[in-house]
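Step one of this worksheet: look at the structure below.
The values are calculated or read from the model by the stated rules, or taken from the named source; none is laboratory data. This one's a predicted model, so the numbers in the text were calculated from it and none came from an experiment. Here Cβ is always computed from backbone atoms with ideal geometry, including for glycine, and neighbour counts include all displayed protein chains.
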Amino acid sequence: MNNILNIKQGAIEELYDILLSNNITGKFLYISDKFIDNLYGNLIKQQIQKLGILQIEYIDNNSIELAMKIAEEVIENNIDYIVGLGGGKVLDVCKYASYISKISCISIPTTISNDGIASPIAVLKKRDGKVQSLGCKMPKAIILDTNFIQSCPVELTKAGIGDTISNYMALKDWKNAYLKKKDQMNNFAYLMSENALDSLMRTNYKSICPEFIKALANSIILSGIAMEFAGSSRPVSGSEHLFSHALDYYTNHNNLHGIQVALGTVSMLKLLKEDYSLILEYLNKFDVNINPKKLGITKQEFVLCMQKASSMRPNRYTYLNEINLDTKELEKIYEELEEEL
Ligand SMILES: [Zn+2]
């Protein structure tokens, strides 16, 4: 199966034609959650039914156990393709199940809140309730209808902006780690992640319109391809992501990933005494709020999570390994963020 990428307004109405013209017929396992299925499911299921046999699975969590159970179902029933409709959680289960069962995944995202929709990484829940990032494969096909994204809560799209913006810090960390001989460089992957960031930063849209959504989706998918090329999340995940992982681990605020990594990006740039005005300007333009206090993150939590961040993934060398993480310094940064953002 070739890679299929179709991003446009109304893309979903052409699902049948897109799949048929790529000879995608046979036995499908459609996976979604009940809420999303109620909104868009019929439109998709009707078209897939015309391409073969359709099995349906509604899921309500993103546990490793569930992903493994679905992989088993795929193997037992000789399924040819998984079709996933939903946001990050549903698609992560689909990606992992398709990776384990070695069949292709057709991804139909309904949100673009992070680069997980196209990444070769599934974030799944362990039995203890904590999440784990697991390597898998990018979906073979991504059909993204910008109408879906336009209809989803705008906060999710703002988080997608934050996750893409965080490529800036991730690339800075990667370059530094390479120069310090702490990591390898993959120039193709670096270029792709950089392009994902630059093409978004260069857009002149001032609101989240369909054209902007298309540009953001392009950037998010490019970030996914960068990870696939590098064979790791390195091109899009540095110190700012480690900080976000620490927030997920040590606190219970349930802020969106993309918002946390954008806060991590600005915080790291402040700690490094680097210019972050362009990034902040861009976030402000789309009203992406990353003020830690407004996100419910206390000063103590901010300090703790910055200090614990590098231990979230000790083999990923970042600026966190080099900078001053004294409590006093971090408290000062928090106070400044509280004022400025
Ligand atoms: Zn991310």
Go through segment 233-273 residue by residue and tally those that are free of Cβ contacts under 8 Å to residues at least 40 places away in the same chain and more than 12 Å from the ligand (Cβ to nearest atom). 3
Can you tell me which residues in segment 213-242 are surrounded by 24 or more Cβ atoms within 10 Å (Cβ to Cβ) and charged (D, E, K, R)? Arg234, Glu240
Exactly one of (1) part of a helix (DSSP H, G or I); (2) within 16 Å of the ligand (Cβ to nearest atom); (3) touching a strand residue (DSSP E or B) at 6+ places or on another chain (Cβ under 9 Å); (4) over 16 Å from Leu295 (Cβ atoms) is unmet by Ile149. Its number? (2)
Exactly one condition in (1) surrounded by 18 or more Cβ atoms within 10 Å (Cβ to Cβ); (2) in contact with a helix residue (DSSP H, G or I) (Cβ under 6 Å, 6 or more places away or on another chain) is not met by Phe188; state its number. (1)
Mind checking whether some residue in segment 312-325 is within 15 Å of the ligand (Cβ to nearest atom) and either without any contact (Cβ under 8 Å) to a residue 60 or more places away in the chain or crowded, with 20+ Cβ neighbours inside 10 Å (or both)? yes
When (1) assigned by TED's automatic domain parsing to the domain that holds Glu281; (2) within 17 Å of Ile112 (Cβ to Cβ); (3) surrounded by 21 or more Cβ atoms within 10 Å (Cβ to Cβ); (4) not charged (D, E, K, R) are applied to Ser199, the one that fails is (3)
Tell me, which residue of segment 100-137 that is among the hydrophobic types (A, V, I, L, M, F, W, C) and farther than 15 Å from Gly87 by Cα is farthest from the ligand (Cβ to nearest atom)? Ile103
Scanning segment 241-289 for residues that are outside any loop (DSSP other than H, G, I, E, B) and acidic (Asp, Glu), which turns out nearest to Asn324 (Cα to Cα)? Asp248
Does segment 42-61 contain any residue that is surrounded by 22 or more Cβ atoms within 10 Å (Cβ to Cβ), of a type outside the set (A, V, I, L, M) and either in contact with a Leu (Cβ under 7 Å, 6 or more places away or on another chain) or assigned to a helix (DSSP H, G or I) (or both)? no
Could you grab me the full set of residues in segment 79-132 that are surrounded by fewer than 24 Cβ atoms within 10 Å (Cβ to Cβ) and either of a type in the set (Asp, Glu) or on the phi > 0 side of the Ramachandran plot (or both)? Asp80, Lys102, Asp128, Gly129
For segment 139-176, enumerate the residues that are out of contact with any Lys or Arg (no Cβ under 6 Å at 6 or more places or on another chain) and among the hydroxyl-bearing types (Ser, Thr, Tyr). Ser151, Thr157, Thr164, Ser166, Tyr168
Can you name the condition, by its number, that Gln49 falls short on among (1) within 30 Å of Gln132 (Cα to Cα); (2) at pLDDT 95 or above; (3) polar (S, T, N, Q)? (1)
Quick check on my filter: what residues within segment 204-255 are aliphatic (A, V, I, L, M) and over 30 Å from Lys182 (Cβ atoms)? Ile208, Ile213, Ala215, Leu216, Ala217
Restricted to segment 1-19, and to residues that are part of a strand (DSSP E or B) and of a type in the set (Val, Ile, Thr), which residue is nearest to Ile143 (Cα to Cα)? Ile7
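Give me a count of the residues in segment 290-306 that are surrounded by 16 or more Cβ atoms within 10 Å (Cβ to Cβ) and either without any contact (Cβ under 8 Å) to a residue 24 or more places away in the chain or not in a loop (DSSP other than H, G, I, E, B) (or both).
Number satisfying all stated conditions: 7.
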From the options Ser119, Ser133, Ser107, Ser98, residue that is among the polar types (S, T, N, Q) and under 11 Å from the mean Cα position of the chain (by Cα): Ser119
Taking the conditions exactly as written (of a type in the set (Lys, Arg), away from the ligand (no atom under 14 Å from the Cβ), without any contact (Cβ under 8 Å) to a residue 24 or more places away in the chain and part of a helix (DSSP H, G or I)), does Lys175 satisfy them or not? yes
So, in segment 192-221, exactly how many residues are in contact (Cβ under 8 Å) with a residue 24 or more places away in the chain and not in a loop (DSSP other than H, G, I, E, B)? 17
